[in-house]
Structures are given as C-alpha cells and as structure tokens.
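The values are calculated or read from the model by the stated rules, or taken from the named source; none is laboratory data. Just so it is clear, the model here is predicted, and its values are computed rather than measured. All Cβ positions, glycine included, derive from the backbone under ideal geometry; neighbour counts span all protein chains shown.
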Amino acid sequence: MFDQASKLRDLVEERADEEAQARQIGELRFDMAETTRVIAITSGKGGVGKTNLAVNLAIGLQLAGQRVMLIDADIGMANVNLLMGSVANRSLVDLLSDDVQLEDVIEDGAAGVKYISGVAGIEAALNVNRLAQRKLHKKLGRCSEMADIIIIDTGAGLNRNVIEFVLAAEEVLLITTPEPTALADAYAVIKAYSTYTERRNIKLVVNRIRDEEECYEVTDKINQTTKNFLGMTVDCLGYIYEDKTVREAVQMQEPFLIVNPESAASRCITELAKSLLSGKRMESVSRGWRGFLDRLFGY
C-alpha cells in the first residue's frame, strides 16, 4: 500500500541532504534582503479560491503601500495571469533557459503588482527536476531586491512541489472552505507541515462563509482535530464572504478587488492585508444592507 507519510519523509530528508551538499560548494549562495517577507498560499484541494486569494491579497498589500511580487508556482495548473487579466509573454519555467534573466519573466499586473506567471500543462510539471529547481533558485534570488513582500501561489494538495514551497516559506496561509472535504484536506496539509518543520507560522483563511460565526466554527472544527492528533492549534488570519462579485470578476478575468472594491469579499481582502501588516486580528467586516438582503432572500 502506498505510504504517503513515508514518501513525504523521504522527500524532506532528500531535500535537506541535497541542499546541505549544495551549500558546501556555494551553489545556493546569493544575497537576499532580510526584510522581505515570503508568504506561501496553499490549499488542501483545488477549487477553494487559493489563486483568487493570492492575486487579490497581493493587490490589497500593494494598495497598502507595499512593493509586492506574486510568483505563480502552481506548475501544471497556472492561472495567475488569467485572474490578472493580462497575457504573460514568458513564465517561471523560461528561467530554465540560460539566456533568460529574471527581468525577462516579470510582468506588470493590476495596481502595480509584479508577477511571474507559471505554466500550464503536465509536461512542464514533470520536467522540473532537482537540477532545474536549483537553477530557478539562483535566478529567483534577486526577487527580494524588487519587493517588500513576495507571495507564492503554490499548487493544491500534497505533491512534491507544493510541500517544498510550503516548507521553505517563512509564512503560510492555508485557505479552506466550510465543506467537509475541504476541511479534511486542509487538515492533511497541517499534518504534513507540522510533521516536517518545527515552525508554527501557518494560518487559516476561511473562504465562502455566510457570516463571521461560520469562520469561527470552521476554525474550531479544525483545531479540535489538530489538538487531539497533532498537539497543536492553528490561528485563523480571517475570512472571505461568499460573494457573487468574485464569480463575476473571474468571468471577466479581472481581480474582484479591482472590479468592485466595496464588495463584501473585497473588504475582507483589505482587512486581511491590514492584519498581515499589523500582526493584529482581522477586523470584522459587516455585510450591511447587502448582507441583510442576501440573508432575507437566501443567497
């Protein structure tokens, strides 16, 4: 029987051994700005709003005065450029070519956010081996010179690339929805994360909630399980309301924070950005008259 835990353990041990050897010969050495924050956004499954959070949160932080770079590391299912409403001329994988430099793959996104597009297609995902990752590592080093905050949009689930990005990030945002399957997959990510690192800097973002109380209920459900089986709890950074503006913006291929900055979901993103910058708990977001109508008519 396939042993997922054993595979992940082997992955982390292999990664540690290879990077230790690389450092001995100076292969991974380059200057990085110590003040640059690196935030990985991940999820246990697809379809819970991970890339939408990454794109709109990047814009929210940019509008708050930060220099933000967004890297689409969802190799194989990349769509940051689609949600940005722009066409990417080159992608992250182009950095594997010796004649392509970092500036060649950086695109201008909404509100001044810089982003590096990923690449769609299973072949690209399969071709990113350890040697290729080291080349990416070296070229991407200069991103810290161009940004105060670097957001990594990882893939969903627990494949090798996702685990490596999550383990490497200084901060991790795990997005989930209230559905039982999403909660189960979110727990699997927390379990893998807690198993292979002693850091406890992973936080929840609960998407598509009906009211604030539902966010607390979801957090309690997850923490009951993590406390019983992992001996830890996970803080909740905040939430995003169920909002038709999000679906409309996706169809328009534009960030919902730009399409309707006063929508419930957009105001949640603004408060999430403030919370990340201040280190304080996310302020409550009232749905006001629209929330009343939504509840009245069952939306």
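Report, by residue number, each residue of the range 166-225 that is under 20 Å from Ile71 (Cβ atoms), assigned to a helix (DSSP H, G or I) and not aliphatic (A, V, I, L, M).
Within the range 166-225, just Tyr193 meets the criteria.
For the range 244-288, how many residues are surrounded by fewer than 24 Cβ atoms within 10 Å (Cβ to Cβ) and in a loop (DSSP other than H, G, I, E, B)?
Qualifying residue count for the region: 15.
Just to check your reading of the model, which residue among Asp153, Asp220, Asp235 is charged (D, E, K, R), within 23 Å of Ser275 (Cα to Cα) and crowded, with 20+ Cβ neighbours inside 10 Å?
Numbers: Asp220 fails: crowded, with 20+ Cβ neighbours inside 10 Å; Asp235 fails: crowded, with 20+ Cβ neighbours inside 10 Å.
None of the others qualify; the one that does is Asp153.
Just the residues that are modelled with pLDDT under 95 and of a type in the set (Val, Ile, Thr), please, taken from the range 171-193.
Of everything in the range 171-193, nothing turns out to be modelled with pLDDT under 95 and of a type in the set (Val, Ile, Thr).
What about Val205, is it farther than 23 Å from Glu271 by Cβ and among the hydrophobic types (A, V, I, L, M, F, W, C)?
No.
Okay, residues lined up against (1) at positive phi; (2) under 16 Å from the mean Cα position of the chain (by Cα); (3) at pLDDT below 95:
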residue: Leu102; (1), (2), (3): no, no, no
residue: Ile122; (1), (2), (3): no, no, yes
residue: Asn129; (1), (2), (3): no, no, yes
residue: Ile149; (1), (2), (3): no, yes, no
residue: Asn159; (1), (2), (3): no, yes, yes
residue: Ala169; (1), (2), (3): no, yes, yes
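How do the pairs read when you match residues in the range 193-207 that are farther than 17 Å from Val38 by Cα with residues anywhere that are surrounded by fewer than 22 Cβ atoms within 10 Å (Cβ to Cβ) and of a type in the set (D, E, K, R), using Cβ under 8 Å and keeping only pairs 6 or more apart or on different chains?
Ser194/Arg200; Thr195/Arg9; Tyr196/Arg9; Val206/Glu214
Matching residues to (1) hydrophobic (A, V, I, L, M, F, W, C); (2) more than 22 Å from Lys203 (Cα to Cα):
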{"residue": "Asn223", "(1), (2)": "no, no"}
{"residue": "Leu230", "(1), (2)": "yes, no"}
{"residue": "Gly238", "(1), (2)": "no, no"}
{"residue": "Glu248", "(1), (2)": "no, yes"}
{"residue": "Gln253", "(1), (2)": "no, yes"}
{"residue": "Ser263", "(1), (2)": "no, yes"}
{"residue": "Cys268", "(1), (2)": "yes, no"}
{"residue": "Glu283", "(1), (2)": "no, no"}
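Could you please let me know if Val68 is crowded, with 20+ Cβ neighbours inside 10 Å and over 25 Å from Val205 (Cβ atoms)?
Details: crowded, with 20+ Cβ neighbours inside 10 Å: yes; over 25 Å from Val205 (Cβ atoms): no.
Against the criterion (crowded, with 20+ Cβ neighbours inside 10 Å and over 25 Å from Val205 (Cβ atoms)), Val68 does not qualify.
Would you check which residues across the range 234-286 are among the hydroxyl-bearing types (Ser, Thr, Tyr) and in contact (Cβ under 8 Å) with a residue 40 or more places away in the chain and list them? Show your work before the answer.
Initial filter on the range 234-286 (among the hydroxyl-bearing types (Ser, Thr, Tyr)): 239, 241, 245, 263, 266, 270, 275, 278, 284, 286.
Within the range 234-286, Tyr239, Tyr241, Ser266, Thr270, Ser284 meet the criteria.
Give the residues of the range 223-232 that are in contact with a Lys or Arg (Cβ under 7 Å, 6 or more places away or on another chain) and either surrounded by fewer than 16 Cβ atoms within 10 Å (Cβ to Cβ) or among the hydroxyl-bearing types (Ser, Thr, Tyr) (or both), sorted by residue number.
Initial filter on the range 223-232 (in contact with a Lys or Arg (Cβ under 7 Å, 6 or more places away or on another chain)): 230, 232.
Scanning the range 223-232 gives a single hit, Met232.
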